[in-house]
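The values are calculated or read from the model by the stated rules, or taken from the named source; none is laboratory data. Worth saying up front: this structure is predicted, and the values here are computed from it rather than measured. For neighbour counting, all protein chains shown are included, and Cβ atoms are generated from backbone atoms with ideal geometry for every residue, glycine included. Only protein heavy atoms, including side chains, enter the accessible area calculation; ligands, DNA and RNA are left aside. Shrake-Rupley method; radii C 1.70, N 1.55, O 1.52, S 1.80 Å.
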Amino acid sequence: MINKKNIKIIGTIVGIIAIIIIGVYIYNQIKISNYLSELTYDIVQESYDNCGDYSKSKYQDIVPENIYSSMNYLRSGSYDNRDEFIIYVSNQSKVNTLIFFLDTAESKYTYEIKFSIKGEEGYSYGKSTCTVQWKLDDDNIWRVSDFDDPP
C-alpha cells in the first residue's frame, strides 16, 4: 500500500528528474545557439575578408556558393581584389541566434560599411540587418539554407 510518505518521495524524484531534463535541454539549446552565432560571424567575416571568393572558403561544406558570395558586405560591381577598396568604416554586430523546432535556426546580425574604390570618385555606404537561415540535416550537421540581406 502506498502511503503519503511514499507519494512525497516519488513526487520529489519525478520533480528532480524533470528539472534535470529541462536543464539539459536548455543548456543544449544555448550551446547550439552560441555555436551557430560564432559560425555565422566567422562565415560572414571570411566572405568579407576574401571579397566573397568561394574558392577560398573553408565553409564550402555548409554554405552554398551563391549565399556565401551574398554574405560579403563589401560587394561592388565586379571587384574581387580587396586591394582595390579604401575602407573607412567596417563593422559587423554581434550575431543573435534563435533555434526553432530543434532542426531550424535563424541568425541575425547588422553590418555597416563605408568604402570607396581606388581611382574612382565618391564612396559607397551601406547598413543592413541580415538573416541567415540554418537547417540541421540528416547527418546532424547545421547548414546554411537561406540568406536575407534586405536593401
**Request:** Name the residue, out of Tyr88, Tyr59, that is within 30 Å of Arg143 (Cα to Cα) and of a type outside the set (Asp, Glu).
**Result:** Tyr59
**Request:** Residues being more than 30 Å from Val89 (Cβ to Cβ) and among the aromatic types (Phe, Trp, Tyr): count how many of those fall in region 13-59.
**Result:** 2
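Yes or no, residue by residue, for (1) among the basic types (Lys, Arg); (2) without any contact (Cβ under 8 Å) to a residue 60 or more places away in the chain:
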site	(1), (2)
Gly15	no, yes
Lys31	yes, yes
Glu38	no, yes
Ile43	no, no
Lys58	yes, yes
**Complete:** Within region 123-151, residues among the aromatic types (Phe, Trp, Tyr) and modelled with pLDDT under 90 come out as Tyr123, Tyr125
**Item:** region 111-144: number of residues that are under 13 Å from Ile62 (Cα atoms) and touching a Ser or Thr at 6+ places or on another chain (Cβ under 8 Å)
**Value:** 5
**Fill in**
Taking region 127-151 and keeping only residues that are open to solvent by 80 Å² or more (accessible area, probe 1.4 Å) and closer than 20 Å to Phe85 by Cβ, one is left with Lys127
**Prompt:** Taking region 46-63 on its own, how many of its residues are open to solvent by 50 Å² or more (accessible area, probe 1.4 Å) and either basic (Lys, Arg) or at pLDDT 95 or above (or both)?
**Reply:** 4
